[in-house]
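Below: one structure, written as structure tokens.
The values are calculated or read from the model by the stated rules, or taken from the named source; none is laboratory data. What you see is a predicted model; the values in this text were computed from it and never measured. Every residue, glycine among them, receives a Cβ derived from its backbone with ideal geometry; neighbour counts consider all protein chains shown.
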Amino acid sequence: MNGILSFLTDPSLAFLRNAAAAALLSAIPFGVVGSVVTVRRISGLAGAISHAVLGGIGLALFLSGTGLARGIPPIAGAIAFALVAAAVIGTVSLRAKQRVDTVINAIWATGMSLGVLFMAKTPGYVDPTSYLFGNILLISGSDLALLAVLDVAVAFLAWRFYPQIEATAFDEEFARVRGVNAGAFFIALLSVTAVAIVLLQTFVGIVMLIAMLTLPAGMAGYRAKNLAGMAIAASLWAAFFSCGGLALGWHFDLPAGATTVVLAGAFFLAAAAIRIARSRARGKRP
């Protein structure tokens, strides 16, 4: 750890300071959005959106590379595909619950396949693994600015609409009785999650994103008494996992994103094992 702290002050390693800042900034949306996703049990929906993003990235790269629409950044295509996927999944979830799994799987597979096809037809070589698995060491100053904006937006929305978020997360029928449009709120929640996914996939990549949306929240859920406490604790866990993964990845020359997820998974499984052991021990007592 002393080594990485010394590197943070090295003028030639600005990219490492950007990575550390990204690890901390990403903790807020990972914790807040992840807590809502976990409580509402919509991680499968979030997973479909995150994988559909690859289709938008591939389309943007194809249009820009072929000259059909030069200058389109991959993030623009990713956000467009993510919002469309969120709208489709949300609408189907509300109106045809029996077909949700089919639609989720279709969007999941089709989005990724379209991304691969567009990248294959893009002039030059485009490596999809950089988008699938991410690389926090490539975070730029503009990426940090976008993450900071996302943090402010997520924190403000969570504070402004906390009663509605909590009501719809635990009891939609009660929320409707209190005058909350649960359906519209659900679509809005998926849209915010979609935008967060696009910005956060730069850190751990598309494939590993869902793990960081659920594992910190899962750790926090063991002791949290309410949704607000869960979101705060999940943000702290996400910061710990992100910074710890970055430090371990740098020290052992490993991909930081994958190391972060393995670290989070190890803590979560260890905590689950301890809880199971304690529950069994209590069950044996008179």
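Just one of Gly218, Gly244 is modelled with pLDDT of 90 or more, more than 25 Å from Ala14 (Cα to Cα) and in contact with a helix residue (DSSP H, G or I) (Cβ under 6 Å, 6 or more places away or on another chain); which is it? First the steps, then the outcome.
On the way: Gly244 fails: more than 25 Å from Ala14 (Cα to Cα).
Within the list Gly218, Gly244, the selection yields Gly218.
How many of the residues making up the range 114-140 are part of a loop (DSSP other than H, G, I, E, B), farther than 24 Å from Val192 by Cβ and not hydrophobic (A, V, I, L, M, F, W, C)? Steps first, please.
The first filter runs over the range 114-140 and keeps only residues part of a loop (DSSP other than H, G, I, E, B), leaving 121-128, 134-135, 139-140.
Within this subset, residues satisfying the condition of being farther than 24 Å from Val192 by Cβ are 121-128, 135.
Next, from what is left, pick out any that are not hydrophobic (A, V, I, L, M, F, W, C): 121-125, 127-128, 135.
So the count comes out to 8.
Which residue pairs have Cβ atoms closer than 8 Å, lie 6 or more positions apart in sequence or on different chains, and pair a first residue in the range 167-178 that is farther than 21 Å from Lys225 by Cα with a second residue that is at pLDDT 80 or above and in a helix (DSSP H, G or I)?
Arg176/Ala182; Arg178/Ala167
Based on what the data block shows, is Met219 closer than 25 Å to Arg17 by Cβ and either out of contact with any strand residue (DSSP E or B) (no Cβ under 7 Å at 6 or more places or on another chain) or surrounded by 23 or more Cβ atoms within 10 Å (Cβ to Cβ) (or both)? Even if it seems obvious, please write down each step before you answer.
On the way: closer than 25 Å to Arg17 by Cβ: no; either out of contact with any strand residue (DSSP E or B) (no Cβ under 7 Å at 6 or more places or on another chain) or surrounded by 23 or more Cβ atoms within 10 Å (Cβ to Cβ) (or both): yes.
For Met219, the condition - closer than 25 Å to Arg17 by Cβ and either out of contact with any strand residue (DSSP E or B) (no Cβ under 7 Å at 6 or more places or on another chain) or surrounded by 23 or more Cβ atoms within 10 Å (Cβ to Cβ) (or both) - is not met.
Under 8 Å by Cβ, and 6 or more places apart or on different chains, what pairs join a residue from the range 229-253 that is surrounded by fewer than 22 Cβ atoms within 10 Å (Cβ to Cβ) with one that is of a type in the set (D, E, K, R)?
Ala233/Arg223
Got a number for residues in the range 196-215 being at pLDDT 90 or above and either in contact with a His (Cβ under 7 Å, 6 or more places away or on another chain) or surrounded by fewer than 24 Cβ atoms within 10 Å (Cβ to Cβ) (or both)?
Qualifying residue count, the range 196-215: 1.
Do the conditions hold for Ala158, that is, is it among the hydrophobic types (A, V, I, L, M, F, W, C), closer than 19 Å to Ala234 by Cα and in contact (Cβ under 8 Å) with a residue 12 or more places away in the chain? Reasoning before the result, please.
On the way: among the hydrophobic types (A, V, I, L, M, F, W, C): yes; closer than 19 Å to Ala234 by Cα: yes; in contact (Cβ under 8 Å) with a residue 12 or more places away in the chain: yes.
Yes.
Which condition from (1) touching a residue at least 12 places away in the same chain (Cβ under 8 Å); (2) under 19 Å from Ala256 (Cβ atoms); (3) not in a helix (DSSP H, G or I) is the one that Asp143 breaks?
Condition not satisfied by Asp143: (3).
Return yes when Asp127 is touching a residue at least 24 places away in the same chain (Cβ under 8 Å) and either touching a strand residue (DSSP E or B) at 6+ places or on another chain (Cβ under 6 Å) or over 21 Å from Arg40 (Cβ atoms) (or both) and no when it is not. Step through it out loud before you land on a result.
Values: touching a residue at least 24 places away in the same chain (Cβ under 8 Å): no; either touching a strand residue (DSSP E or B) at 6+ places or on another chain (Cβ under 6 Å) or over 21 Å from Arg40 (Cβ atoms) (or both): yes.
Against the criterion (touching a residue at least 24 places away in the same chain (Cβ under 8 Å) and either touching a strand residue (DSSP E or B) at 6+ places or on another chain (Cβ under 6 Å) or over 21 Å from Arg40 (Cβ atoms) (or both)), Asp127 does not qualify.
Can you run down the residue pairs with Cβ atoms below 8 Å, 6 or more apart or on separate chains, where the first is in the range 210-227 and in contact (Cβ under 8 Å) with a residue 24 or more places away in the chain and the partner is of a type in the set (Lys, Arg)?
Close Cβ pairs satisfying both conditions: Tyr222/Arg275.
Any residue in the range 252-263 that is within 22 Å of the chain's Cα centre (by Cα), more than 15 Å from Phe133 (Cβ to Cβ), of a type in the set (A, V, I, L, M) and modelled with pLDDT of 90 or more? Write out each step before concluding.
First pass over the range 252-263, keeping only residues within 22 Å of the chain's Cα centre (by Cα): 254-263.
From what's left, more than 15 Å from Phe133 (Cβ to Cβ): 263.
Imposing the further condition that a residue be of a type in the set (A, V, I, L, M) reduces the set to 263.
From what's left, modelled with pLDDT of 90 or more: 263.
Looking through the range 252-263, at least one residue is within 22 Å of the chain's Cα centre (by Cα), more than 15 Å from Phe133 (Cβ to Cβ), of a type in the set (A, V, I, L, M) and modelled with pLDDT of 90 or more.
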